[in-house]
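The values are calculated or read from the model by the stated rules, or taken from the named source; none is laboratory data. These figures come from a predicted structure and were not determined experimentally. Cβ placement follows ideal geometry from the backbone for every residue including glycine, while neighbour counts extend to all protein chains displayed.
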Amino acid sequence: MRRSARGVKRLVLASHNAGKLREIAGLLRPFQIEVVNAGALGLAEPEETGETFVENAELKARAAATASGMVALSDDSGLCVAALNGQPGIYSARWAGPDKDFGLAMRRVEDELKHSGSPDRRAHFVCALSLCWPDGHCETFQGEAHGQLVFPPRGARGFGYDPIFLADGYDITFGEMDPDAKHAISHRADAFRQMIDACFTH
Ligand code: IMP
């Protein structure tokens, strides 16, 4: 049985990533839920010790819900490259190094692909969204967006690996896309739709 979140009027977003905060706030806008950022509450970011997107999403949301006493929503996401056995995966943020330099992270993907010798450029984004209550209960959903990688990076919209990702059926990258167009097809939107169906409409 899913736990309903229909009565929730205020929730804390357990993320310190500005790009994700912007996208999640945009996705929540139609639901008239007040969104409080973890950073504004001074909540610490827990170490991501999980081995999957779902484990990391749950540990972040559970920590924020326990510390704030509010329902918390977290996002753990990343890029999985087929020819690299799914890397960088849960290490997507870490490939950008301490300076969060995604130019560096995208060059590393390109270099490792060249090194692999594989012509396969398929990749997919994954997003696990976890909604946790202060009693520790979590409802978690995983969404995906499939496509191909292109080099050099194109477009300055979006964030992270968006400039090298061409979703299936599109000829512009997520980095070149209007934010609303990305929201219609992204891994985050996929997970979000599942969460709305399961927790906010019943
Ligand atoms: P984490 O979930 O905070 O560990 O970090 C996820 C990382 O995956 C982000 O810092 C981005 O590099 C990457 N990522 C997740 N979602 C997206 C997206 O929608 N576009 C581009 N990169 C993304």
statement: Apart from one, (1) out of contact with any helix residue (DSSP H, G or I) (no Cβ under 7 Å at 6 or more places or on another chain); (2) surrounded by fewer than 16 Cβ atoms within 10 Å (Cβ to Cβ) all hold for His183; the odd one out is (1)
- prompt: Can you tell me which residue in region 39-68 is nearest to Gly19 (Cα to Cα), limited to those that are surrounded by fewer than 14 Cβ atoms within 10 Å (Cβ to Cβ) and of a type in the set (D, E, K, R)?
  reply: Glu47
query: Looking at (1) touching a residue at least 12 places away in the same chain (Cβ under 8 Å); (2) on the phi < 0 side of the Ramachandran plot, which is the one condition that is false for Gln32?
result: (2)
- line: Restricting region 133-146 to residues that are within 16 Å of the chain's Cα centre (by Cα) and either part of a loop (DSSP other than H, G, I, E, B) or not acidic (Asp, Glu) (or both), the one surrounded by the fewest Cβ atoms within 10 Å (Cβ to Cβ) turns out to be His146
- prompt: Does region 131-140 contain any residue that is within 11 Å of the ligand (Cβ to nearest atom), under 30 Å from Arg6 (Cα atoms) and in contact with a strand residue (DSSP E or B) (Cβ under 9 Å, 6 or more places away or on another chain)?
  reply: no
- request: Give region 81-117 a look and list any residue that's exposed (fewer than 13 other Cβ atoms within 10 Å of the Cβ) and away from the ligand (no atom under 14 Å from the Cβ), or say none.
  value: Asn85, Asp111, Lys114, His115, Gly117
message: Considering only residues that are surrounded by fewer than 23 Cβ atoms within 10 Å (Cβ to Cβ) and not β-branched (Val, Ile, Thr), which ones fall in region 164-174?
response: Leu166, Ala167, Asp168, Gly169, Tyr170, Asp171
statement: Residues of region 47-64 being free of Cβ contacts under 8 Å to residues at least 24 places away in the same chain, more than 16 Å from Pro88 (Cα to Cα) and over 16 Å from the mean Cα position of the chain (by Cα), in sequence order, are Glu47
query: Is at least one residue of region 62-73 touching an Asp or Glu at 6+ places or on another chain (Cβ under 7 Å) and at pLDDT 95 or above?
result: no
Condition met for Phe174 (touching a Pro at 6+ places or on another chain (Cβ under 9 Å), in a loop (DSSP other than H, G, I, E, B), of a type in the set (Phe, Trp, Tyr) and within 12 Å of the ligand (Cβ to nearest atom)): yes
- line: If we ask which residues in region 147-188 are aromatic (Phe, Trp, Tyr) and touching a strand residue (DSSP E or B) at 6+ places or on another chain (Cβ under 8 Å), their number turns out to be 4
field: Cβ pairs under 6 Å, 6+ apart, first in region 145-164 and of a type in the set (Lys, Arg), second away from the ligand (no atom under 11 Å from the Cβ)
entry: Arg154/Glu176
